[in-house]
Amino acid sequence: MRTPVAASDIRRDLVGLLPKLRRFAVTLTGDLADADELVRSVCQRGIAKIHSWNNEGRLEGWLYTMARHQWEETRRHRLRPAHGKGGNALEQGEPAQGQINPVEASEAHQTVTSLPEGLASVFLLVAIEHYSYQQTAEILGIPLSTVTSRLASARLQLGAMGKSRSPQRY
């Protein structure tokens, strides 16, 4: 029999998961404002629906899946503005609600979030958050073979970006 999780427990745990959840949301949305709105929505839903979490696996995986579902629902109900290069707030120099987190301003963060939709989320979950390929497939609702091909594509693109930015030798 599973033990119920109190709402105060999830609120406490959510605070610690906010940076991870926000990074994941940015890979889905490609925009800081949309990502912040998605995180807010997922946190509210997570607290309201904590009774439906089965206490199996990691809480953040459950929240990532919820974020993906919420983003897909949002995209169905509105036209997503086309974001070309320079389309997100970081690249335009617009601070999100005051100050930009130093991690988000880093070149590494910008490089990962500049990957095409789908590649960034897979790379984040596998290479940064250390989810297994199977767990990543479940969170994103895609076949395992798609995870492996997207991860390979992401690594190739990141490798190509790295070569084009090799340090100058003096």
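Every read-out reported here was derived from the displayed coordinates using simple, explicitly stated rules and does not represent laboratory data. Because the structure is a prediction, the values reported are computed rather than measured. So basically every Cβ, Gly included, is an ideal-geometry build from the backbone, and we count neighbours across all protein chains shown.
With a Förster radius of 25 Å, plug the Cβ-Cβ distance of residue 146 and residue 45 into 1/(1 + (r/R0)^6) and report the FRET value to the nearest 0.05.
With a Förster radius of 25 Å, E is 0.45.
Starting from the Cα of residue 76, step 7 Å along the direction of its Cβ; do the same at residue 161; then give the gap between the two resulting points in nm.
Roughly 3.1 nm, to one decimal.
Measure off 7 Å from each Cα along the Cα-to-Cβ vector at residue 153 and residue 132, then give the distance between these two points in nanometres to one decimal.
Spacing of the two 7 Å Cα→Cβ label points: 2.5 nm.
Net charge near residue 61: determine it from the other residues with C-beta under 10 Å of the C-beta of residue 61, scoring Lys and Arg +1 and Asp and Glu -1.
Details: positive: 58; negative: 56, 60, 129, 138.
That sum, taken over residues with Cβ under 10 Å, equals -3.
Students often check this: by mean Cβ neighbours within 10 Å, which of 136-145, 17-26, 118-127, 48-57 ranks highest, and how do the rest follow?
Put in order of decreasing packing, that is 118-127, 17-26, 136-145, 48-57.
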